[in-house]
């Protein structure tokens, strides 16, 4: 099966600054694919190269097998939900949603009917006559979604669409977006810097750093078996052990990632690693301890129970498979 | 008091009018004292020169040295601007043309001049001493400054012989070069130009009974307007600014127009083929008078300037500079700048053929007090220019 | 002294209204007396008459001036001026839009600064000098005519000048010339508001339009133009009202047909017919009031 979107050695430079550096990746038909990375890592530039708002300086972009490297946006079977929604302020909500049909010459009656259907789909029935400025942030986001979906694109691009929403709304929109994707069955390419969001929604995640792909994999792979130190550090809360500390605590050579929630913290367990509680943080769903285990090494421990006070002597232990050796790549 | 309301409205004008009438009532001054250190004059551009443009033309510096009166000049480009400035006040003197002078007198803006305090007054050209545009009811309201005429300026390449009639700008015809005059002649764009049309009709159609081009009854006035409407078809652009006309004759192919000698002098100095002529019908002209504001703050310096303004040297230099004629005939001889033929060239010998600008009023002598007043000239000339 | 100042400031602090009134009194007095006062005086004057016989203003209520306004010659002047103002406004908008578009969307840094300077620079030099310069450019012996001749297009220029109503013996002696100079002189007042409006259109809106399938022309028509329209209207208020009131340009360039400003000047100054002049000045005021009301409906002031 051809990939919905494929990058072949794609680079994009702005003057001296290389935003995307020889990136190759494939987005499969129908999957929820997330580009994850800190700001400035090149993920948005990649998205813009799929949408056609930015052309690569090198390499090739394919959409459904066809070369789309320098195709203008309007010639691509791809639609975008913009970070700021980019709703047309001088048009009603209905006209905004129907815009893609209007420029294709669909008759007014037909396009309004379909626009209202789309509004129904994003749970905004009856708002068609309003102006975007009269809607809340969440509602605008849904309008942007409806507008992008009305052309029935084979790929939908979403550029941090939930960034401007408050936490509660964001969480419910995450669920809704995922459900919507299943319902319409098209490929979603989603950009975010929020690893939680990426892990919870995606079929696969591509982690970016400084213009390069660090790792592509399912959320589980990314979380449990980070390919690089950067991924280990960026995704989830974990302990990255190196050198002497790694050897002493895990018996492994090189870098080892030990997830904080896999560590058991007890008052005394024979054979376990002894340490002293340096910090206790209450984070609602769990407690985070910072435990000094000697050698100037501190381990993060996430646990459900609050049993120990500051300065308490404790022992830490973990199952063998909780330690993940990070392959020695270019540092 | 009644007249002082003439051109103004509102409370401001009333206040000004009271101030004016107060001064007006005092009558002419009887003596000239020590100068106040300055004198403020409203003048035509080029009328009061201190050598800034050309070192040869300076009749201010010497006056300031000998009297201690600093001369401050505010130039005005139209008679109306002059009237407006004088209405505002704050000036001592104004070089008013005949279409402004009577308005200033009637409005009470200027004061009577005691000619005894201007020692050289008796040497002024006799024809001007009691001219009607500054003498009202036997009282003098100013000292003549300079005069000139509105001649017919023509292109000597087109006219091998000088045209002898204004017909070349009023009637549709072929000029001596065989091409029509349409689009190649100009006329003045001020309403006062209606008088030029009336002047032409005086000769062309004596049956109309026009005696004075500034005094027209309804029929005469209608005939003049008809002539001007006919002229509108010939004139692509009217002139109102001397320098615009100079440019038109240089760059736009105009070959005949009413003009001041000033334009002709400048065009000739640039070796343009132009000359001027006084056609058989006569010409209109302008005569300017230096008048003193009713509320002048520096009357002593003002009287000193009035005397200075008619000294032969100044008069000759100014005539040369402006293409005008001195009001003292001895200024015509021996002036290096003017040359001995200057006065003749500028119209001295045509005095009798000149009908000097006056503001037309309803109450006129020659038509039994039934003349068309100036405000109608304005409205109708606007209509003529608009093609109505 | 300081105690007094403190008690004064305490008093004022407690009475915000008083402090505000003290601050606003001078400008409001200025506006009220000088501005509105003179307008009212004008209005009052337009209802006075002129004595037919002596030409003296009679302070009695009459509507004669407004009847006279409707005389054919005066109707011509009004129609000519309003027509010219409308044509100049359209002309300015057509010329200014591409320039403003270029400035707002395709330039940045020093190139944009240079363009700004280029647009503003003419405003720093004398208006009269520029008008006279144009007279020379458009003259029969001028550069424009010469360029047409050099390009072998004299027939075209002559053809245009032969059109009755806008033509004449040369460009500088035609309504077309008046129009050209008006457009040139007021152009900056159109470019700047359009440029400001275009600058406020987010890039993402244009990308969104293209993303949804609109070609560049459709994006321009459906998104950019509607969003720039308030700027065009704001600019048109300038060009329209400035043309309505101008009396210099038609005096120097054109076929000597008179415009409103010139007629007001003539009636007021030369003729001393202040009442009729006042009635005339009410024409542009009325026209502008209607224009502004329409512009407001079209949302021109939402963007200000």
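Restricting attention to segment B:51-89 and to residues that are within 25 Å of residue B:101 (Cβ to Cβ) and at pLDDT 90 or above, the residue that is surrounded by the fewest Cβ atoms within 10 Å (Cβ to Cβ) turns out to be B:72. Report, by residue number, each residue of segment B:235-259 that is part of a loop (DSSP other than H, G, I, E, B) and either more than 7 Å from chain C (Cβ to nearest Cβ) or free of Cβ contacts under 8 Å to residues at least 12 places away in the same chain (or both). B:241, B:254, B:255 - these are the residues of segment B:235-259 that are part of a loop (DSSP other than H, G, I, E, B) and either more than 7 Å from chain C (Cβ to nearest Cβ) or free of Cβ contacts under 8 Å to residues at least 12 places away in the same chain (or both). Here C:235, C:231 are screened, and the one residue that is within 23 Å of residue C:119 (Cβ to Cβ) and within 12 Å of the chain's Cα centre (by Cα) is C:235. The residues of segment C:261-288 that are within 11 Å of another protein chain (Cβ to nearest Cβ), touching a residue at least 12 places away in the same chain (Cβ under 8 Å) and in a helix (DSSP H, G or I), listed by number, are C:262, C:263, C:264, C:265, C:267, C:274, C:275, C:276, C:277, C:278, C:280. When segment A:185-219 is filtered for residues that are without any contact (Cβ under 8 Å) to a residue 60 or more places away in the chain and closer than 18 Å to residue A:28 by Cα, the ones remaining, listed by number, are A:199, A:215, A:217, A:218, A:219. Exactly one residue among C:205, C:171, C:157 is more than 22 Å from the chain's Cα centre (by Cα) and more than 28 Å from residue C:122 (Cα to Cα), and that residue is C:205. Here is a check on your reading of the model: is residue A:83 in contact with a strand residue (DSSP E or B) (Cβ under 8 Å, 6 or more places away or on another chain) and either under 20 Å from residue A:184 (Cα atoms) or at the interface with chain C (Cβ under 8 Å from one of its Cβ atoms) (or both)? Considered against the rule, which asks whether it is in contact with a strand residue (DSSP E or B) (Cβ under 8 Å, 6 or more places away or on another chain) and either under 20 Å from residue A:184 (Cα atoms) or at the interface with chain C (Cβ under 8 Å from one of its Cβ atoms) (or both), residue A:83 comes out as yes.
I'd like to verify a number: residues in segment A:126-151 that are touching a strand residue (DSSP E or B) at 6+ places or on another chain (Cβ under 9 Å) and under 20 Å from residue C:214 (Cβ atoms), how many?
Going through segment A:126-151 one residue at a time, the tally reaches 7.
Considering the conditions (1) closer than 30 Å to residue B:366 by Cα; (2) touching a helix residue (DSSP H, G or I) at 6+ places or on another chain (Cβ under 7 Å); (3) in the same structural domain as residue B:375 (by TED's automatic domain parsing), residue B:237 is excluded by exactly one of them, (1). Just so you know, in segment B:206-224 the residues that are part of a helix (DSSP H, G or I) and surrounded by fewer than 20 Cβ atoms within 10 Å (Cβ to Cβ) include one that is nearest to the other protein chains (Cβ to nearest Cβ), and it is B:218.
Quick one: which residue in A:281, A:261 is under 30 Å from residue A:37 (Cα atoms) and free of Cβ contacts under 8 Å to residues at least 12 places away in the same chain? A:281 is the lone residue from the list that is under 30 Å from residue A:37 (Cα atoms) and free of Cβ contacts under 8 Å to residues at least 12 places away in the same chain. Only residues that are modelled with pLDDT under 85 and more than 11 Å from chain B (Cβ to nearest Cβ) were counted in segment C:40-61, giving 2. A single member of A:291, A:273, A:301, A:235 is surrounded by 15 or more Cβ atoms within 10 Å (Cβ to Cβ) and without any contact (Cβ under 8 Å) to a residue 40 or more places away in the chain, and it is A:291. Tell me whether segment C:188-195 contains one or more residues that are in a helix (DSSP H, G or I) and in contact with a strand residue (DSSP E or B) (Cβ under 6 Å, 6 or more places away or on another chain). The answer is no; no qualifying residue exists. Just the residues that are within 14 Å of another protein chain (Cβ to nearest Cβ) and in a loop (DSSP other than H, G, I, E, B), please, taken from segment C:139-167. Of everything in segment C:139-167, those that are within 14 Å of another protein chain (Cβ to nearest Cβ) and in a loop (DSSP other than H, G, I, E, B) turn out to be C:139, C:140, C:141, C:142, C:162, C:164, C:165, C:166, C:167. Output the residue which, of all residues in segment B:354-385 that are within 8 Å of chain C (Cβ to nearest Cβ) and over 15 Å from residue B:190 (Cβ atoms), is nearest to the chain's Cα centre (by Cα). By that ranking, first place goes to B:361. Listed conditions (1) in a loop (DSSP other than H, G, I, E, B); (2) not assigned by TED's automatic domain parsing to the domain that holds residue B:246 are all met by residue B:160, apart from (2). The single residue among C:97, C:179 that is within 21 Å of residue C:257 (Cβ to Cβ) and more than 13 Å from chain B (Cβ to nearest Cβ) turns out to be C:179. Taken together, the residues in segment B:189-205 that are more than 30 Å from residue C:128 (Cα to Cα) and part of a loop (DSSP other than H, G, I, E, B) amount to 1. With respect to being surrounded by fewer than 18 Cβ atoms within 10 Å (Cβ to Cβ) and touching a residue at least 24 places away in the same chain (Cβ under 8 Å), residue C:47 fits the description. Answer with yes or no whether residue C:33 is modelled with pLDDT under 90, in a helix (DSSP H, G or I) and within 14 Å of chain B (Cβ to nearest Cβ). Criteria met by residue C:33. Exposed (fewer than 14 other Cβ atoms within 10 Å of the Cβ) and within 14 Å of chain B (Cβ to nearest Cβ), is that true of residue C:111? For residue C:111, the condition - exposed (fewer than 14 other Cβ atoms within 10 Å of the Cβ) and within 14 Å of chain B (Cβ to nearest Cβ) - is not met. Once segment B:277-293 is narrowed to residues that are part of a loop (DSSP other than H, G, I, E, B) and in contact with a strand residue (DSSP E or B) (Cβ under 7 Å, 6 or more places away or on another chain), the residue that is nearest to residue B:57 (Cα to Cα) is B:278.
Scanning segment C:196-223 for residues that are touching a strand residue (DSSP E or B) at 6+ places or on another chain (Cβ under 6 Å) and either surrounded by fewer than 20 Cβ atoms within 10 Å (Cβ to Cβ) or touching a residue at least 24 places away in the same chain (Cβ under 8 Å) (or both) yields no hits at all. Please go through (1) buried (at least 20 other Cβ atoms within 10 Å of the Cβ); (2) within 19 Å of the chain's Cα centre (by Cα); (3) outside the structural domain of residue B:216 (by TED's automatic domain parsing) for residue B:305 and return the number of the only condition it doesn't satisfy. Result: residue B:305 fails condition (2) only. The residues of segment B:42-96 that are in a helix (DSSP H, G or I) and more than 19 Å from residue B:292 (Cα to Cα), listed by number, are B:61, B:62, B:65, B:66. Within segment A:120-142, the residues that satisfy the criterion of being over 26 Å from the mean Cα position of the chain (by Cα) and either outside any loop (DSSP other than H, G, I, E, B) or within 14 Å of another protein chain (Cβ to nearest Cβ) (or both) are A:120, A:131, A:132, A:133, A:134. Do we find a residue being within 14 Å of chain B (Cβ to nearest Cβ), touching a residue at least 24 places away in the same chain (Cβ under 8 Å) and farther than 30 Å from residue A:148 by Cβ anywhere in segment C:232-248? Yes, there is a match, as at least one residue in segment C:232-248 is within 14 Å of chain B (Cβ to nearest Cβ), touching a residue at least 24 places away in the same chain (Cβ under 8 Å) and farther than 30 Å from residue A:148 by Cβ. On the stretch given as segment C:245-256, residues that are part of a helix (DSSP H, G or I) and surrounded by fewer than 24 Cβ atoms within 10 Å (Cβ to Cβ) total 3.
The values are calculated or read from the model by the stated rules, or taken from the named source; none is laboratory data. All of these numbers come straight from a predicted model, not from anything done at the bench. Cβ sites come from the backbone with ideal geometry, for glycine too, and all protein chains shown count toward neighbours.
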